Amino acid sequence: MIDSQLNKIFKPILNVFAKKLLKFNVNPNSITFIGFFFGICCFYFIINSMFFYAAIFLFLNRFCDGLDGALARLVGETDIGAFYDIVLDFLFYSLFPLSFIFLDLENSYSICFLLFSFVATQATFLASAWIIEKNKLKISDDKKSMFYAGGITEGFETIMCFITMLLFYEFINYISYFFGILCWITFITRVLFIRKLFKS
């Protein structure tokens, strides 16, 4: 919901790090895969109830997710880079909640609902991007590798959900159901947006 505003704040900071990496000829895709490795580390620490370390690797994963894009804008964005970025992001967004099922099977119902809700938002995200690109529609001036369909559960809100799950694990079922419902609201708004777009 506020990703675009936060990007204006963090982009200059990420550009500083990206310019330093540029001196060492670091490939943006390498940062993408390193970030995903940090995500796997986050998974490991959660299933071992080491939430403090999990939070550190959650931050590192998200930092790399922003850094690879900043570096790509300096060296030249590629379709394969955008592909890796989206796929590994979606895998991490599933891996993080899944770790709480490995931690305790009693979390299964709420986490499965949350994962199902993620599938709904991810499906509308990708389908919206595909259909808008297919029809060559100009929606936004945002310079991204693909059209970004917004909603009330974007990247920032999802990360806040993840942090809350780590800080208040005893309430994880309530957090999962609540955020899952918000995801379905995002799903509905995107469907209505696409319907309205093509009716007009």
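For the chain, complete DSSP H runs whose alpha carbons reach 27 Å or more along their own long axis and whose mean Kyte-Doolittle score is 1.6 or higher are 28-47.
The distance separating the Cα centre of the range 156-176 from that of the range 59-132 comes to 16 Å.
Can you tell me the dipole magnitude for the range 51-120 around its Cα centre, using point charges on the Cβ only (Lys, Arg +1; Asp, Glu -1), in Debye to the nearest 20? Its charge dipole is roughly 100 debye.
Taking the Cα centre of the range 1-120 as reference, the dipole from Cβ charges on Lys and Arg (+1) and Asp and Glu (-1) amounts to some 580 debye.
Rolling a 1.4 angstrom probe over the chain with all protein chains present gives an accessible area of which 70% lies on carbon and sulfur atoms.
For the chain, the tally of Lys pairs with Cα-Cα distances below 14 Å comes to 5, considering only residues 8 or more apart or on different chains. The charge dipole of the chain, taken about its Cα centre with unit charges on the Cβ atoms of Lys, Arg (+1), Asp and Glu (-1) only, comes to about 880 debye. Between [x] 0.99; [y] 1.06; [z] 1.24, which entry matches Cα Rg over 2.2 N^0.38 Å as derived from the coordinates of this structure? Step by step, Cα Rg over 2.2 N^0.38 Å for this structure corresponds to label [y]. For the range 1-98, chymotrypsin sites (Phe, Trp or Tyr not before Pro) are listed when DSSP marks them as loop and at most 14 other Cβ atoms sit within 10 Å of their Cβ; the list is F24. Calculated accessible area for the range 53-200 comes out at 56 Å² per residue, all protein chains present (probe 1.4 Å; ligands, DNA, RNA ignored). Here each label is just a point 7 Å from Cα along the line to Cβ, and for I181 and F102 those points are 3.0 nm apart.
Taking the helices alone, the chain has a mean residue ellipticity at 222 nm of -27500 deg cm²/dmol, built from -39,500 (n - 2.57) per DSSP H run of at least 4 residues and averaged over all its residues.
The values are calculated or read from the model by the stated rules, or taken from the named source; none is laboratory data. None of the values given here were measured: they were computed from a predicted structure. Cβ atoms come from the backbone with ideal geometry, glycine included; neighbour counts cover every protein chain shown. Please note that ligands, DNA and RNA were not included when accessible areas were found on the heavy atoms of the full protein model with its side chains. Shrake-Rupley method; radii C 1.70, N 1.55, O 1.52, S 1.80 Å.
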